[in-house]
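Notes for the one structure printed next.
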Amino acid sequence: MKEKIWLSSPHMGGGEQKYVQEAFNSNWVAPLGPNVNGFEKDLENYVNKDSKVACLSSGTAALHLALILSGVSNNDEVICQSMTFSASANPIVYLDAKPVFIDSETTTWNMCPVALEEAIIDRIKNGKKPRAIIVVHLYGMPAQMNKIKEISNKYEITLIEDAAEALGSIYKGQKCGTFGDFGVLSFNGNKIITTSGGGALVCRNEKVKQKAIFLATQARDTAPHYQHSHIGYNYRMSNIVAGIGRGQMEVLDKHIGLRRENNAFYQELFKNIEGITVFVEPNKDYFSNHWLSAIMIDEVLTGFSREDLRLALEKENIESRPLWKPMHLQPVFKDYLYFGSNNAEKIFKNGLCLPSGSNLTDLEKERIASVIQFFI
Ligand SMILES: *Cc1c(COP(=O)(O)O)cnc(C)c1O
């Protein structure tokens with residue numbers, strides 16, 4: 001069996017172990033310490049100097065805290081992009097609130113502004129003004145942030161940006177994760193940088209960041225004994241994990257460049273193949289980190305489905321994956337409201353993510369190209 005080609009696997013830069021070793025040398029083996037502070041500073045400098053970043057145990061934890069800090073509680077409604085990973089929606093249900101799912105538009109595959117406004121108007125008419133909006137930048141592609149932000153401002157609804165897949169992506173000169181009232185980052189195993197597991201909440205100011213850290217460290221009041229006036233969580237990032245993050249920050253832009261090269265490779269590979277389009281930025285306002293490269297297959301023109309291609313790749317030990325199955329089609333979320341038409345459903349049906357790691361070698365690319373060319 002040929003060696004496995006992964007969709008996206010961890011890619012260490014070399015500097016990580018130095019920071020981890022420092023943590024051991026100074027005995028900062030705890031969910032706080034110099035690496036956590038350093039990683040937060042690195043991220044703040046990277047996304048935008050006016051943002052304040054709190055490092056947490058996961059992106060999911062960051063979303064949970066963003067919702068709590070937005071004042072979401074039981075029976076509230078929260079708007080959420082349907083086409084996404086389940087972690088975008090699960091924290092809404094942790095709070096006994098109700099997700100209201102929104103369709104995608106076809107250029108960025110992210111939240112459709114028209115369906116968003118339709119949903120807001122409908123819910124206000126029903127006396128259920130949504131508490132927050134969760135917009136996602138899928139596969140690194142920025143959503144139509146000008147329109148989404150305009151709507152959130154117009155109706156005065158808190159905007160949470162799930163930028164778990166979009167660290168380093170840019171819309172109109174501004175980094176993803178800094179448009180909303182909150183931004184969410186993830187450093188899980190297959191993301192553009194990984195700390196083995198971890199996440200961060202991007203906040204608009206220091207006061208909000210401190211509130212997030214307070215909740216993430218069991219909500220201890222200032223007192224010599226353990227005193228609590230709020231329910232707390234154990235969501236802070238470990239100093240070991242943050243050491244990996246500091247090393248990864250040193251190679252982030254290089255790795256984005258490599259992922260973008262993968263995308264260019266797929267554009268070249270499919271450029272003369274009728275019925276297959278590579279997912280790319282709609283225009284110069286968008287800069288995607290191309291965390292994952294994806295294609296759309298028109299079955300009528302190609303004569304095969306995305307599943308046919310996926311199985312052909314799998315046979316050669318090459319991992320590919322269907323796009324995120326929309327949340328409103330998931331058994332666990334089927335009873336919640338949904339606004340829009342069937343764009344997300346169609347994108348899911350015909351889309352496929354291809355190997356996209358920044359550590360993909362030229363030889364591996366050749367293998368992928370020859371399997372695909374032979375299959376077609
Ligand atoms: C990975 C991911 C998350 C969750 O992040 P974790 O760090 O794995 O908890 C949330 N939303 C999206 C869109 C993701 O891809």
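The values are calculated or read from the model by the stated rules, or taken from the named source; none is laboratory data. All values derive from a computational prediction rather than experimental measurement. Using ideal geometry, Cβ is built from the backbone for each residue, glycine included, and neighbour counts are taken over all protein chains shown.
Six or more apart or on different chains, Cβ under 6 Å: which pairs go from a residue in the stretch 214-229 that's farther than 22 Å from Val36 by Cβ to one that's of a type in the set (A, V, I, L, M) and part of a loop (DSSP other than H, G, I, E, B)? Could you list them?
Within 6 Å, the pairs are His228/Ala219.
Within the stretch 99-113, can one find any residue that is in contact with a helix residue (DSSP H, G or I) (Cβ under 6 Å, 6 or more places away or on another chain), assigned to a helix (DSSP H, G or I) and more than 10 Å from the ligand (Cβ to nearest atom)?
Looking through the stretch 99-113, at least one residue is in contact with a helix residue (DSSP H, G or I) (Cβ under 6 Å, 6 or more places away or on another chain), assigned to a helix (DSSP H, G or I) and more than 10 Å from the ligand (Cβ to nearest atom).
Step by step: first the residues of the stretch 97-152, then only those that are of a type in the set (Lys, Arg) and closer than 27 Å to Ile256 by Cβ, then the one that is surrounded by the most Cβ atoms within 10 Å (Cβ to Cβ). Which residue is that?
My answer is Lys149.
Can Lys149 be described as assigned to a helix (DSSP H, G or I), under 19 Å from Ser70 (Cβ atoms) and among the basic types (Lys, Arg)?
Here the answer is yes, as Lys149 does meet what is asked.
Report yes if some residue within the stretch 320-327 is under 18 Å from Tyr266 (Cβ atoms) and surrounded by fewer than 21 Cβ atoms within 10 Å (Cβ to Cβ); otherwise report no.
Yes - at least one qualifying residue is present in the stretch 320-327.
Can you tell me which residue within the stretch 163-201, out of those that are polar (S, T, N, Q) and part of a strand (DSSP E or B), is surrounded by the most Cβ atoms within 10 Å (Cβ to Cβ)?
Ser186
Which of the residues spanning the stretch 264-303 are free of Cβ contacts under 8 Å to residues at least 60 places away in the same chain, under 19 Å from the mean Cα position of the chain (by Cα) and either over 24 Å from Ala166 (Cβ atoms) or crowded, with 20+ Cβ neighbours inside 10 Å (or both)?
Ile295
In the stretch 157-193, which residues are of a type in the set (Lys, Arg) and near the ligand (Cβ under 9 Å from one of its atoms)?
Lys191
Just the residues that are among the charged types (D, E, K, R) and within 24 Å of Lys365 (Cα to Cα), please, taken from the stretch 213-271.
Within the stretch 213-271, Asp253, Lys254, Arg259, Arg260, Glu261, Glu268, Lys271 qualify.
What pairs come out if I take residues in the stretch 180-197 that are more than 20 Å from Gly38 (Cβ to Cβ) and pair them with residues that are in a strand (DSSP E or B) and near the ligand (Cβ under 8 Å from one of its atoms) whose C-beta lies under 7 Å away, six or more apart or interchain?
Once the first residue is more than 20 Å from Gly38 (Cβ to Cβ) and sits in the stretch 180-197, its partners that are in a strand (DSSP E or B) and near the ligand (Cβ under 8 Å from one of its atoms) give Val184/Asp162; Val184/Gly199.
I need the helices (runs of 4 or more DSSP H) fully contained in the stretch 1-91, keeping only those with at least 1 residues that are among the basic types (Lys, Arg), in the same structural domain as Ile244 (by TED's automatic domain parsing) and free of Cβ contacts under 8 Å to residues at least 40 places away in the same chain.
Here the list reads 34-47.
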